[in-house]
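The values are calculated or read from the model by the stated rules, or taken from the named source; none is laboratory data. Owing to the predicted nature of the structure, the values given are computational and were not obtained by experimental measurement. Virtual Cβ from ideal backbone geometry, glycine too; neighbours counted across all protein chains shown. Note: areas computed on protein heavy atoms with side chains; ligands, DNA, RNA excluded. Shrake-Rupley method; radii C 1.70, N 1.55, O 1.52, S 1.80 Å.
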Amino acid sequence: MTLLDISDLRVTFPGASGPVQAVRGVRLSLAPGESLGVVGESGSGKSVSCMAALRLLPATAKVEGRLSLCGIDMARASKSDLAQIRGRAAAMIFQDPMSAFDPVFPIGAQIVETIRAHRPGAPARAEARALLARVEIRDPDAAMQAYPHQLSGGMLQRAMIAMALSCQPRLLIADEPTTALDVTVQAQILQLIKDMQAEAGMGLVMITHDLGVIAETVDRVTVLYGGHVMEEAPTADLFDHPAHPYTRALLDSIPGQSPGRQRLSEIPGSSPDPAKLPQGCPFHPRCARAHDRCRAEAPPLTALSPTRATACWSPL
Ligand SMILES: Nc1ncnc2c1ncn2[C@@H]1O[C@H](COP(=O)(O)OP(=O)(O)OP(=O)(O)O)[C@@H](O)[C@H]1O
Ligand SMILES: [Mg+2]
């Protein structure tokens, strides 16, 4: 059974001058124990795609397509099904750790409540404390009593990971779990997520705009741009020979990646705004290889091999 099976996902938000389609036919899939990176610039639809899968988008969002999580059809799931699925089947680590906690209750009480809700009978207090220790919070007893605003960004991020893992989810979706953190803490947190994934055989979706994080943590990658899938590939293949010019541009923007280039080079042009996407391939205005067909017609996602696909009329 696949843990995550999203296909032809379309998400539309109401906008000031008409509906805005933020996600335009995305597919994502994950088998048990596997890890998938979802990469792309700001606004490419990474968070919206994953939040749609957990049915966490506001009611104003129009969501279409197939959304299956641990074999459950999320589009048809009832409110009570959703409460069970979120946490137990799949947990999410959010971009903003403050959003995961209620500001008026201590961290420990919130983790304990989550454990009790999903796994009645478990020694909830002892497990919550052990998890806080596991995410290397130095004084787990103090953290149990602390309110969210009393913890530093890094500590809160760790506490959120502890809370996500407290239900022993089969799938963990981590949305930029380390962007707000300094490099040392970032490396520790990524290692922690990887260790926990390996121990529990948990599936992992790692959302990031940072290909360095991808290289360290996942087996496969899906590259998004303007709400479209640009490329799917095993991680090593993506780094060795990207098929899409956008992936190539992302790789070139990693500092020290290509000889003689030490500084982060930005991809020319502005990142995709779903309200202003051009006709044809969404990347064509920024693509040095673009030709007439790219400007007229959006290329479909096409298989290059059993494990690779790209949406480009002239792949590299
Ligand atoms: N609740 C919402 N209402 C209206 N538009 C939204 C809403 N949530 C997201 N969007 C829009 O959908 C698009 C995709 O957003 P999304 O959050 O998925 O981007 P992202 O790839 O996660 O970017 P980032 O790297 O900045 O987190 C953006 O243009 C965003 O403005
Ligand atoms: Mg996001």
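Estimated at the nearest 10 Å², the accessible area of residue 68 is 20 Å² with a 1.4 Å probe. Karplus-derived 3J(HN,Hα) values for segment 224-232, using 6.51 cos²θ - 1.76 cosθ + 1.60 with θ = phi - 60°, are 10, 8, x, x, 10, 7, 8, 7, 10 Hz; glycine and proline are entered as x.
With the whole protein complex present, residue 51 retains an accessible surface near 50 Å², based on a 1.4 Å probe.
Between the residues 80, 302, 31, the greatest Cα displacement towards the positive end of the dipole of segment 4-310, with unit charges on the Cβ of Lys, Arg, Asp and Glu, is found for 80. Only DSSP H runs of four or more residues enter the estimate; each adds -39500 (n - 2.57), and after division by the residues of the chain the mean residue ellipticity at 222 nm equals -9000 deg cm²/dmol. The phi-based Karplus calculation (6.51 cos²θ - 1.76 cosθ + 1.60; θ = phi - 60°) puts the 3J(HN,Hα) values of segment 301-316 at 5, 10, 5, 9, 7, x, 10, 10, 8, 8, 10, 7, 6, 9, x, 5 Hz, whole numbers, x for Gly and Pro. Taking Cα atoms, how many degrees apart are the long axis of helix 153-165 and the longest axis of the chain, rounded to 10 and kept between 0 and 90? It is inclined by approximately 80 degrees.
Note on the chain: dipole from Cβ charges, positive end direction compared against 110, 287, 22; the farthest Cα belongs to 22.
Who wins for biggest fluctuation among 181, 54, 28 in a Gaussian network model of the chain, springs between alpha carbons below 10 Å? Judging by the Gaussian network model, the answer is 181.
Per atom type, the chain shows carbon and sulfur on 53% of its accessible surface, probed at 1.4 Å. Scanning residues 5 or more positions from residue 230 or on other chains, those with amide H under 5 Å from its amide H are 223, 224, 225, with H placed 1.01 Å from N in the peptide plane. Each Lys and Arg Cβ is given +1 and each Asp and Glu Cβ -1; about its Cα centre, segment 182-248 then shows a dipole of about 140 debye. Relative to the longest principal axis of the Cα atoms of the chain, the long axis of helix 124-134 makes an angle of roughly 50 degrees. Across segment 189-205, rounded Karplus estimates of 3J(HN,Hα) from the backbone phi angles (6.51 cos²θ - 1.76 cosθ + 1.60, θ = phi - 60°) give 5, 5, 4, 4, 5, 5, 4, 5, 5, 5, 5, 9, x, 7, x, 10, 10 Hz, Gly and Pro being marked x.
For the chain, would you read off the P(r) tail past 35 Å as a percentage of all alpha carbon pairs? Considering the chain, 22 percent of its Cα-Cα pairs are separated by more than 35 Å. Taking all protein chains as they are arranged and a probe of 1.4 Å, the heavy atoms of residue 118 leave approximately 30 Å² accessible to solvent.
Relative to the Cα centre, the charge distribution of segment 4-310, modelled as +1 at Lys and Arg Cβ and -1 at Asp and Glu Cβ, gives a dipole magnitude of about 560 debye. Accessible surface for the chain, divided over its residues, is 46 Å² per residue with a 1.4 Å probe. Contact order, relative form, for the chain: 21 percent (alpha carbon pairs under 8 Å, 6 or more residues apart, mean separation divided by residue count). Based on the Cβ-Cβ distance of residue 72 and residue 179, what FRET efficiency does E = 1/(1 + (r/R0)^6) give at R0 = 35 Å, to the nearest 0.05? For residue 72 and residue 179, the calculated efficiency is 0.70. Largest accessible area first, the listed residues 248, 116, 158 line up as 116, 248, 158 when surface is computed with a 1.4 Å probe on the assembled protein chains. Taking amide H atoms as placed 1.01 Å from N in the peptide plane, the amide H of residue 93 lies under 5 Å from those of 173, 174, 175, each 5 or more residues away in sequence or on another chain. Identify the residues of segment 9-24 with backbone N under 17 Å of a label point that sits 7 angstrom from the Cα of residue 276 along the Cα-to-Cβ direction, or state none. Correct set: 15-22.
Antiparallel versus total DSSP beta bridges in the chain: what percent is that, nearest 5?
On the way: 28 of 47 bridges.
Of the beta bridges lying entirely in the chain, close to 60 percent run antiparallel.
Summarising the amide proton neighbourhood of residue 75: residues at separation of 5 or more, or on other chains, whose placed amide H is nearer than 5 Å comprise 67. Extending 7 Å from the Cα toward the beta-carbon at both residue 241 and residue 10 defines two label points whose distance is 3.6 nm.
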